Structures are given as C-alpha cells and as structure tokens.
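The values are calculated or read from the model by the stated rules, or taken from the named source; none is laboratory data. Remember, predicted model here, so these are calculated numbers, not experimental data. Every residue, glycine among them, receives a Cβ derived from its backbone with ideal geometry; neighbour counts consider all protein chains shown.
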Amino acid sequence: MSLRCRFWMRHSRDWISKTKALNRLKGGTVLVLWGAGSSPEDVQRFSQELSTQQCSRIIVEHFERLILSSHPNSIFDVVLSNLFEPHTAKHSFELLSEIVRIVKTNGLIFGKEKSDRISADLKLAGFCNITVEPAENSFSAETPNFEVGSSSRLAFAKPAVWSLSDTLLDDQVELINEDDLLDENDLKKPEAETLRVCGTTGKRKACKDCSCGLAEELEAGQPVKPTTKSATSSCGSCYLGDAFRCASCPYLGMPAFKPGEKIQLSERQLNPDL
C-alpha cells in the first residue's frame, strides 16, 4: 500500500468504509475543518486524497474562521471535522449550529471529539441519525430533511359550518314561529320574593347562619314575607323628639309623638346603611 493510501486510511478508515458516506463524496461539495495543533501539511495531503474521490469541490477551513467566513446556506454535502491529530478542537454548540446552517438537507458530518457532551450538542443543534463511538472518540450525524428556518402550512380539518342550500329561495325556507318558543309560564312576571338571594352566598341558597328568612322560604317552597320589627325605647324619652334622643335611637328624624303611642318603623329605618 502506498504512503498516500495509508495516510487516507489512517484518518478515515471507519468513515470511508460506509457506502453511504462514499456516495456523498462523489460529486459532492466537501468542507474540511481543522483546529489548533494540527499540521498544515497533513491537512494539505488529506485534501489531495479527497480529490481522488471525485468530489466536485473541497473547501478547507479553520475552526476559528468558520463562523467569520459567512458561507451561504446549504452549500456543503459532507463535513469532515477534526480528523487530524491531536484532535484538540471542540465542537461547540455555536459551531455545530453554523454547520447545520451551511450543510444541505440530509447532509453528513463525520468528526473526532473527546467529549461526553457531543451527542447532546448535536441533538440541540438540530442533527439527527447520530452515531457516537466513545472508544474511538468519533461521531457521525446527518442534517434533517428540511431547510433550516423553513416553514410549512399545517393542514387542519375544516370546521363544519352550518349553511343553507344555495338552491333554496327565501320563500322556500321554513322558519320557526317565535311565539311557539315561549309558553304561558314564561310570560308570567316572577314575584320579587322568588328572586331574593342570600347576601352572603349571592345565590338563591341560604348560608349556614341564615337569619333573613331565606332558609325557611326554601324549606317551605313558598316565599316568606319578612316580619316587621318593632322598636322599644330604653330611656323613655324618645317621644319628646330628637333633642332628647340618643345617638343610636331608632326614632331619630321622626317627629315627636304622644307617650304610649305605637310607632311603626319602616324597613329602611330598621336596616340603616352602614
């Protein structure tokens, strides 16, 4: 075996043995990435060996220059990365994201990486069909079968829309008589007592300590009219007028009356606003 063949097989023995990878090289555009510590002579010889695989174009880039090169989207078929000793270059997430951008759909990357995170970083960057061989510190992956940043309209089922037939005329459409929608019970005006709700719950449901009569009303099934409360004087001077009445007197604001005269207080006075 010649020196040139031994050099090629030493750097890419596992990768080139795959028929799928060989097919990508023929007529494809190949990107070769190399990092610090690698010999430029090895990179040059490696590029010359690639030219024998009928590649249409071979581009060599340093790791630190790839992002700065601003390559167009989807121009490479195959990326060979960090194949040269001492394999010290790191495939950062930013670098892998840039590779995904510039590689065509279903493109291939093969490289060397001494890191346990290479599989996770490849997935996060968007690669698929990832294969990692820890014993040889090598990996391979493919780009997805769609362009980065592409979009596609989702086909949702059309909702059923109610509509009349286009062949029907206005006088052929049967309408419902609106008077048939209501019966006699619907036309009756409800009594105010039946609309009363609990001040605590806000519903027609009595609270636990109901004192407004709603509990009795619901239990009896009929409205219960509230009883009128009568007030009595504790000082005996209420009949003389406001000048003789205390601050909490229920007769405040009422005119004087005769002693012993029965005074009926309204519901509003018995329940003053606080």
Residue match in region 109-125 (condition: modelled with pLDDT of 80 or more and either β-branched (V, I, T) or not assigned by TED's automatic domain parsing to the domain that holds K26 (or both)): yes
Conditions (1) outside any loop (DSSP other than H, G, I, E, B); (2) surrounded by 13 or more Cβ atoms within 10 Å (Cβ to Cβ); (3) modelled with pLDDT under 75: number failed by C212: (1)
Complete set of residues in region 44-65 that are among the acidic types (D, E) and over 11 Å from W34 (Cα atoms): E49
Answer from I67, I75 - the residue that is among the hydrophobic types (A, V, I, L, M, F, W, C), out of contact with any strand residue (DSSP E or B) (no Cβ under 7 Å at 6 or more places or on another chain), farther than 19 Å from P40 by Cβ and surrounded by fewer than 19 Cβ atoms within 10 Å (Cβ to Cβ): I67
Candidate set from region 227-249 (those that are in a loop (DSSP other than H, G, I, E, B), at pLDDT 75 or above and not small (G, A, S)); member that is surrounded by the fewest Cβ atoms within 10 Å (Cβ to Cβ): C246
Some residue of region 79-87 being surrounded by 21 or more Cβ atoms within 10 Å (Cβ to Cβ) and assigned to a helix (DSSP H, G or I): no
Positions within region 94-112 being among the charged types (D, E, K, R) and surrounded by fewer than 21 Cβ atoms within 10 Å (Cβ to Cβ), in sequence order: E94, E98, R101, K104
